[in-house]
Amino acid sequence: MPRPLILLFMMLVLADACAKKQPPLGPQPAPPSTTAAPPPVQPAPPAPPQRVEESVPVPAISEDGISNRTLEDLNRNSPLQPAFFGLDRSELDDAGRAIVASNAAILKKYPTWMVTIEGHCDERGTAEYNLALGELRAVAVKTYLAALGVSPDRLRTVSYGKEFPFDAGHTEAAWSKNRRAHFVITSK
């Protein structure tokens, strides 16, 4: 057989093989089954409704409005009051003990608060003397708070001497405001 004829024959066979097969027209009978048909599937009965309890977060309710305040706001409008001291004194007088006792009750109510007790002095005296006196004042307040049942682990002391006065005046009235132990809430 000549070559062109073979090529033509191969092209016809290839074209026929690549052609799309058309489905036969009309309905076709189903192929015979060799096994028995399974019984019809019954739908499963619906599951009984389950009680879904939604947990709705309950916001913390503050009886007194203190719990939800920020540290900045707590220290700006502090529930803890400063205790004042006499000239060159580091012992708490009756008024100072009453203030510290009131602060102890607040600290017991909020047991997670950490507090720094700052010891301050008036402008009279040397810087060294006032730093030492401020430290004695802060420690005296910490000791009294501990005696009232506040854990000393929650209390830190620092002395600022005469560096941060409440009142910058140069009178006895101004100086008496500056001789103090000041409370700063450092964490809640």
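Just so you know, all these numbers are worked out from the coordinates, no wet-lab data involved. Every value quoted in this text rests on a predicted model; they were computed, and no experiment measured them. Don't worry about glycine lacking a Cβ; one is built from the backbone with ideal geometry, like all the others, and counts go over all protein chains shown.
Quick look at the numbers
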| item | result |
| --- | --- |
| Segment 72-150 - Kirkwood radius from inverse mean 1/r over Cα pairs (Å) | 13.3 |
| Sequence ranges 104-112, 116-124, ranked by mean other-Cβ count within 10 angstrom, highest first | 116-124, 104-112 |
| Net dipole in debye of segment 116-172 [+1 Lys, Arg Cβ; -1 Asp, Glu Cβ; about Cα centre; nearest 20] | 280 |
| In sequence order, calculated HN-Hα J values of segment 106-116 (Karplus, 6.51, -1.76, 1.60; Hz; x Gly/Pro) | 5, 5, 6, 6, 10, x, 8, 5, 10, 10, 9 |
| Whole-Hz ³J(HN,Hα) from phi, Karplus 6.51 cos²θ - 1.76 cosθ + 1.60, for segment 85-99, glycine and proline x | 10, x, 4, 6, 10, 10, 8, 7, 8, 4, 5, x, 5, 5, 5 |
